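For reference, the structure is listed below as structure tokens.
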Amino acid sequence: TEPILEIKGLRTVFRVRGREIAAVNGIDLVVHAGETVALVGESGSGKSVTSLSVMRLLARGIGAIDAGEMLFRGKDGNVRDLVSLDEEAMRRIRGNDIGMVFQEPMTSLNPVYSIGDQISESLRVHRGTGRSAALEAAVALLDKVGIPDARRRAGQYPHELSGGMRQRATIAMALACDPTLLIADEPTTALDVTIQAQILDLLQGLQRERGMGVLFVTHNLGVVAEIADRVAVMYAGRIVECGPVAEVFRNPRHPYTLGLLNSMPRLGAASAMKRAGEKLNAIPGMVPSLADMPAGCAFAPRCGFAIEACRQNIPALESVAAGHGSRCIRWQEIAR
Ligand code: ATP
Ligand code: MG
């Protein structure tokens, strides 16, 4: 299948106390139609900055994309570089060609408008749908995402819905215009486990039905195993390992991925992951400060495999197997 999103060499920087820090430091990432790509890593690794960069929602004057390309194929079939697109063109793409769901539903919902109005707004703006037709479509969407009594709910305000219902409503809103790409940044993290599973099922079903590409941000490897086709593991602004989920889980070739897998407390259904429960160790040490990065591999200070060469040069992404890459010079010695 064709790529919908092709990120090449993306670098996103923040200005912090007069210094520039690279929260995303030259990442390459592809999302194809119909696939789910998970972006995983510890807190502060740059996952949200990546998704905000794709949406071009970085706080102006604070964060900025400073290198790279983000080639995006829109619904019209044209490929555009989102990095150089002007703000007006970007507004036409946001919510229309690209849908977004965030961790906290209230970041996407406006407390003073009814749920139905907010969902229909997107159709009115992007498609010029008339008021009553848009409201009917909103009710159908709420029904589609599993909200019972959708017509009554459409007239309610966000505070009248439970957390799980609110997240369903933001999914309805994200999907209103039939996007080709959905960016979901920790969409279930704020919800309790049962609701979490329901929302993941919902997203998976909708994706299959619509053939969307999904970029799914999470720190939960169990969730990755459950829903993703491919995974990219981020550490301190770089992708250190990427590949098909089953392959990476069975045969991790970066010490950081290995550490994440070994620190998983409990495992999902995927048999490839069962063995991870045998050892239960958190990765010792801390993520380095972006303002004070070590020379060479950023993971070296925490890495049991590190040798002198690791502290000298930043390792390039090496091909381990078809579609599987690792930024570790000792990848051949890493094994579960
Ligand atoms: P989490 O799992 O906690 O959501 P994350 O991987 O999404 O973590 P990001 O939100 O992408 O992490 O942040 C990566 C780094 O970028 C942060 O550690 C911080 O140094 C920097 N950063 C992010 N937002 C800003 C900002 N508004 N101003 C300055 N620095 C920022
Ligand atoms: Mg985040």
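The numbers here are math on the coordinates, done by the rules we state, and not lab data. The structure presented is a predicted model; accordingly, all values stated were derived computationally and were not measured. We place every Cβ from the backbone using ideal geometry, glycine too, and count neighbours over all the protein chains shown.
The figures follow:
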quantity: Ellipticity estimate at 222 nm from DSSP helix runs (n ≥ 4, -39,500 (n - 2.57)) divided over the chain, nearest 500; calculated: -8500 deg cm²/dmol
quantity: Quotient of C-alpha Rg and 2.2 N^0.38 Å, computed over the chain; calculated: 1.02
quantity: Label zone at residue 57, where the point sits 7 Å out along the Cα-to-Cβ direction: segment 215-241 residues whose backbone N lies under 12 Å; calculated: none
quantity: Net +/- balance of residues flanking residue 318 in space, Cβ distance below 14 Å, scoring K and R +1, D and E -1; calculated: +1
quantity: Centroid-to-centroid separation of segment 179-224 and segment 1-76 [C-alpha atoms, Å]; calculated: 19
quantity: Semi-axis lengths, Å, segment 67-223, gyration tensor of Cα atoms, sqrt of 5 times eigenvalues; calculated: 24, 21, 13
quantity: Order by protection proxy (mean Cβ within 10 Å, highest first), peptides 250-262, 15-27, 321-333; calculated: 250-262, 321-333, 15-27
quantity: Cα-based helix-to-principal-axis angle, 115-127 vs the chain, degrees rounded to 10; calculated: 80
quantity: Segment 1-127: C-alpha gyration tensor shape, a/c 1.5 cut-off, then a/b vs b/c; calculated: oblate
